[in-house]
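The values are calculated or read from the model by the stated rules, or taken from the named source; none is laboratory data. It should be emphasised that the depicted structure is a prediction, and the values quoted were computed from it without experimental measurement. Cβ atoms come from the backbone with ideal geometry, glycine included; neighbour counts cover every protein chain shown.
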Amino acid sequence: MATETIQVSKGRARWRNFFQPQDFAWMLFVAVLLITAPETNYDLYILVPLIGALQVIERRVQFFSSKDGQIASVGLKLVLSYLIIGWTYGVLSYYYPIFLIPVVSAATIFELRGVFIVTALAAAGYLCFLLPIFIDYRKTKLPEGYVSLMSMRVGFFAIVAFLVYQQAKAKREEMARTQEAVERLSESNTSLMRAEASLRRSERLAALGQLTAGLAHELRNPLGTIKGSAEILMKEIARQRPEVMSEMAGYIVAEVDRINGLVSSFLDFARPLQVRPVIAELRPALHEVARHLKELAAARDVQVSIRMQDPQLAFAFDPELLKIAISNLLQNAIQGSAPGKEVEIRANASDELVRIFVIDQGEGIPRQHLENIFNPFFTTKPNGVGLGLAIVSKIVDEHHGRINVFSEPGVGTTVEVTLPKTQPA
């Protein structure tokens with residue numbers, strides 16, 4: 001049913017694009033002229049539909065949108081109008097207002113000079129029927145004051161041309177101003193995007209500097225431990241005490257592993273992300289993350305649940321990067337939850353956005369820490385590195401999304417990730 005409705009709507013749209021209200025108006029105009037003709041005139045039956053057809057088809061033919069095409073169109077209307085009047089008793093024709101068609105057309109598309117020329121040609125074409133070659137004054141006597149009446153009609157042509165020209169000129173100027181405003185807006189948008197890109201580069205450089213300083217600070221502690229353990233190990237080698245030597249060697253291995261983890265996290269954060277969005281379902285990614293952290297959740301006696309408004313929800317995202325982001329959020333939620341509690345992943349969507357929530361029932365985040373949780377190396381965990389949420393923030397930013405955190409100490413924390421359904425090319 002939905003597909004049928006869409007097809008019907010498209011059909012109606014195509015019909016509306018092909019037939020405009022003015023087309024029916026011109027058809028009605030032609031029909032009225034032919035029906036109300038005072039007598040049978042086959043020339044009229046040909047010429048009037050021709051001028052109506054020209055009015056209807058000129059907006060559909062590309063040629064008539066060019067300057068030469070516009071001149072040709074107005075010229076054809078002048079000729080057809082002249083022939084209609086000429087073959088319907090010339091100076092006594094009832095159809096003299098037909099000259100308004102080329103006059104009004106010229107007034108809507110030409111500048112003042114062109115409007116003046118077309119109006120003058122229409123006036124000359126109408127008044128030329130007063131010449132003796134068109135009327136036999138020995139047999140035909142014009143009504144008294146008829147020449148003055150014709151002059152008034154010609155003056156009416158000029159008045160209509162001027163008024164329509166003024167309106168069309170005002171509309172053209174308004175369109176030009178609108179186009180100029182659109183171009184300025186486009187330039188401003190381009191400048192804004194460049195400024196935003198520059199700001200992001202500056203922020204990344206600043207974050208990299210902060211990250212480097214944090215990494216240096218974090219490396220000092222394990223390096224000190226390694227140095228101290230190595231010195232003790234050297235002394236104990238001389239004393240031949242294997243148990244102490246083994247313990248010191250264990251410290252060295254553990255601290256080297258810690259340094260390796262720090263360097264890996266540093267590289268993960270500092271490395272430029274290559275987002276490769278594809279249209280994919282969200283549910284498999286969420287379930288894969290939950291399976292990956294199943295052992296951690298079981299060890300802490302935490303239940304992980306996934307609830308989606310639309311199980312088949314699909315949109316454009318990088319599956320691997322999004323899984324990293326959700327995994328970091330879910331890991332933090334599990335580690336921050338007390339035994340027996342539940343961590344919930346929710347997802348819903350609107351027309352343009354997808355929202356993913358990671359909700360825990362843990363201790364919550366103190367208010368004074370909320371502004372810093374996405375900063376590199378900020379952590380409240382004894383053995384934490386402080387790069388997980390920084391990486392999450394970076395991934396969400398690269399997806400042109402945003403991340404919000406709502407937390408109440410003693411109640412729990414909700415992290416909301418909002419992503420657009422489509423990614424810019």
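Quick rundown of the values:
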item	result
When residues of segment 1-49 are limited to those that are hydroxyl-bearing (Ser, Thr, Tyr) and modelled with pLDDT under 70, the one farthest from Tyr82 (Cα to Cα)	Thr3
Lone qualifier among Lys171, Lys77 - being of a type in the set (D, E, K, R), in contact (Cβ under 8 Å) with a residue 24 or more places away in the chain, out of contact with any Cys (no Cβ under 9 Å at 6 or more places or on another chain) and surrounded by 11 or more Cβ atoms within 10 Å (Cβ to Cβ)	Lys77
Top-ranked residue of segment 300-350 - restricted to ones that are among the basic types (Lys, Arg) and surrounded by 15 or more Cβ atoms within 10 Å (Cβ to Cβ), ranked as farthest from Arg283 (Cα to Cα)	Arg300
Pairs where the first residue, in segment 296-321, is within 27 Å of Leu273 (Cα to Cα) and assigned by TED's automatic domain parsing to the domain that holds Glu363 and the second is basic (Lys, Arg) and surrounded by fewer than 16 Cβ atoms within 10 Å (Cβ to Cβ), C-beta under 7 Å, 6+ apart	Asp318/Arg276
Within segment 272-295, tally of residues that are more than 26 Å from the chain's Cα centre (by Cα) and loosely packed, with under 15 Cβ neighbours inside 10 Å	7
Test set (1) part of a helix (DSSP H, G or I); (2) surrounded by fewer than 19 Cβ atoms within 10 Å (Cβ to Cβ) - Glu416 fails condition number	(1)
Criterion (surrounded by 12 or more Cβ atoms within 10 Å (Cβ to Cβ), without any contact (Cβ under 8 Å) to a residue 12 or more places away in the chain and in a helix (DSSP H, G or I)) met by exactly one of Phe64, Phe99	Phe64
Odd one out for Leu112 among (1) within 26 Å of Ala25 (Cα to Cα); (2) of a type outside the set (Val, Ile, Thr); (3) touching a helix residue (DSSP H, G or I) at 6+ places or on another chain (Cβ under 7 Å)	(1)
Segments classed as strands (runs of 3 or more DSSP E), wholly inside segment 273-348, with at least 3 members that are within 21 Å of Thr418 (Cα to Cα) and in contact with an Asp or Glu (Cβ under 9 Å, 6 or more places away or on another chain)	303-308
Some residue of segment 378-392 being of a type in the set (D, E, K, R), surrounded by fewer than 19 Cβ atoms within 10 Å (Cβ to Cβ), over 36 Å from the mean Cα position of the chain (by Cα) and more than 18 Å from Ser337 (Cβ to Cβ)	no
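Okay, residues lined up against (1) under 37 Å from the mean Cα position of the chain (by Cα); (2) farther than 20 Å from Asp23 by Cα:
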residue: Gly52; (1), (2): no, no
residue: Arg60; (1), (2): yes, no
residue: Asp68; (1), (2): yes, yes
residue: Ile71; (1), (2): no, yes
residue: Tyr82; (1), (2): no, yes
residue: Tyr94; (1), (2): no, yes
residue: Ile98; (1), (2): no, no
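Residue-wise test of (1) over 14 Å from Ser81 (Cα atoms); (2) assigned by TED's automatic domain parsing to the domain that holds Ser65.
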| site | (1), (2) |
| --- | --- |
| Phe110 | yes, yes |
| Val115 | yes, yes |
| Thr119 | no, yes |
| Ala122 | no, yes |
| Gly125 | no, yes |
| Pro132 | yes, yes |
| Ile135 | yes, yes |
| Val147 | yes, no |
| Met152 | yes, no |
